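What follows is calculated from the coordinates using simple rules that are stated; it is not laboratory data. Remember, predicted model here, so these are calculated numbers, not experimental data. Cβ atoms come from the backbone with ideal geometry, glycine included; neighbour counts cover every protein chain shown.
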Amino acid sequence: MSYADDIFIQTCRTILDSGTYDTDLPVRPRWADGTPAHTVKTFGVVNRYDLRREFPIMTLRRTYFKSCVDELLWIWQKKSNQIAHLSSHVWDAWADENGTIGKAYGYQLSVKHHYSDGDFDQVDRVLKDLRENPASRRMVTSLFNHADLHQMGLYPCAWSMTFNVTGHTLNAVLNQRSQDMLTASNWNVCQYAVLLHMMARSAGLEAGELLHVIADCHIYDRHVPIVEKLLTLEPRPAPRLLINPDKTDFYAFTPEDFQLEGYDPHPLSEKIEVAI
């Protein structure tokens, strides 16, 4: 079975069996009909994915891998906040009248900062250190800029990455303040697994462990029946990730350079409503 399925099952079972509902609290998210979108949650979930073992994509339901990679490249490679630069429509609900999501996500990675050895944005700083100073313990990126939060379409959920080289292996910690288990859980894991592979390839390293730390891990009230159904399914084997062997430049990768061999997820007939 896919290890990502195993983690999803264990986490959702914990939330549903012993989680805390926020139905007695005022909440920001709303369903399309205006009803408050409440959740059942657990705090402080930590998961480890060894990318040398398998690619961590679920089979209990399809994770739309191409769109997932496209959004990752939109944020980390294009460093864009314009939804016109994105192939999917996942950000349309948070766009402003100018077609941007404000000073969020890719915008934060595009800003140059002054260091003792020059000016770099956060991505280029990490790429430089991976190549020239792999023993560094300062390879950290952050999208959570308090000065710009009021100008963001949505506060960043997956907001921080810490990269660490151990021997010839690149590992990373992904910090996430909020995780919607049904709509985005595996989406984020797949994205940052691909990012770790890209960073490793660009530095001549092997992608190792992705440690995923989630503060508020929740299931929305209207998603509970769908999650319960998914938990009755039999997980299928994880697919194999194929990466174009000719690409080593971080900025040269395209979604077509990443393929899944043998991906056979269960179909999902229910429409998943997204809380805004």
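Around residue 258, with a cut-off of 12 angstrom between Cβ atoms, what is the net charge of the other residues, counting Lys and Arg +1 and Asp and Glu -1?
0
Semi-axes of the equivalent ellipsoid for the stretch 41-197, please: Cα gyration tensor eigenvalues, times 5, square-rooted, ordered largest first, whole Å.
24, 22, 14
Send over the Kirkwood Rh of the chain, from the inverse of the averaged 1/r over different Cα pairs, rounded to one decimal Å.
It works out to 19.6 Å.
Hey, which lysines would be in cross-link range of residue 229, C-alpha to C-alpha under 16 Å, not counting anything within fewer than 8 residues on its own chain?
Straight-line reach from residue 229, under 16 Å: 271.
When we measure straight from the Cα of residue 103, which lysines land under 26 angstrom away, once same-chain ones fewer than 8 places off are left out?
Partners found: 66, 78, 79, 112, 128.
Whole angstrom only: what separates the Cα centroid of the stretch 2-31 from the Cα centroid of the stretch 161-183?
Answer, in whole Å: 20.
In what sequence, highest mean first, do 83-94, 153-164, 199-210 appear when ranked by Cβ atoms within 10 angstrom?
Listed from highest to lowest mean packing, they are 199-210, 153-164, 83-94.
Students often check this: by mean Cβ neighbours within 10 Å, which of 167-180, 236-249 ranks highest, and how do the rest follow?
Descending mean neighbour count gives 167-180, 236-249.
Considering just Cα atoms, how many Å³ per residue does the convex hull of the stretch 29-130 enclose?
Expressed per residue, the convex hull around the Cα atoms of the stretch 29-130 is 195 Å³.
Running Debye on the stretch 151-276 with equal point scatterers at the Cα sites and no solvent, what base-10 log of I(q)/I(0) appears at q = 0.16 Å⁻¹?
So the normalised log intensities work out to -1.00.
Roughly how many debye, to the nearest 20, is the charge dipole of the stretch 197-248 about its Cα centre, given +1 on each Lys and Arg Cβ, -1 on each Asp and Glu Cβ, and no other charges?
That gives the stretch 197-248 a dipole magnitude of about 220 debye.
How long are the semi-axes of the equivalent ellipsoid of the stretch 198-238, defined as square roots of 5 times the Cα gyration tensor eigenvalues? Whole Å, largest first.
Taking √(5λ) for each Cα gyration eigenvalue gives 33, 17, 8 Å.
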